[in-house]
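Scroll down for the structure; my scribbles are underneath it.
The values are calculated or read from the model by the stated rules, or taken from the named source; none is laboratory data. Since the model is a prediction, treat every value here as computed from it, not as a measurement. Ideal geometry is used to build each Cβ from the backbone, glycine not excepted, and the neighbour counts take in all protein chains shown. The area values use the complete protein model at the heavy-atom level, side chains included, leaving out ligands, DNA and RNA. Shrake-Rupley method; radii C 1.70, N 1.55, O 1.52, S 1.80 Å.
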Amino acid sequence: MIANWNSDRNRVVIELRSYFDRNAQYLQIDTVGKTTSSERPEGWFPQTPEIALPVDDPLADVTVRVAVGGKTSKKGRPTPA
């Protein structure tokens, strides 16, 4: 997971990267009110899904919860963390 500020520091862009993992089939990011995902096309790697989130205070603490699914994960369902 990668997080980058935009140039005005009023948004942070969160990306989920597989780093060319040949076993990655499906990537999904869930945030409050937003979801994005990417499936692996035949013979390739999943595209990097990303979500831009508004930030009121760039100096405030941010909490990120990461959940990694396995073979029992289903498309469209949140992964338990």
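General observations
- Count of residues meeting criterion [closer than 16 Å to Lys75 by Cβ and among the β-branched types (Val, Ile, Thr)] in segment 1-54: 3
- Candidates Gly69, Gly43, filtered to the one that is at pLDDT below 80 and open to solvent by less than 60 Å² (accessible area, probe 1.4 Å): Gly69
- Search result, residues across segment 13-32 that are assigned to a loop (DSSP other than H, G, I, E, B) and open to solvent by 30 Å² or more (accessible area, probe 1.4 Å): Leu16, Arg17, Tyr19, Phe20, Asp21, Arg22, Asn23, Gln25, Val32
- Residues of segment 1-25 classified as of a type in the set (Phe, Trp, Tyr) and at pLDDT 85 or above, total: 1
- Qualifying residue in segment 47-60 (condition: modelled with pLDDT under 85 and open to solvent by less than 100 Å² (accessible area, probe 1.4 Å)): yes
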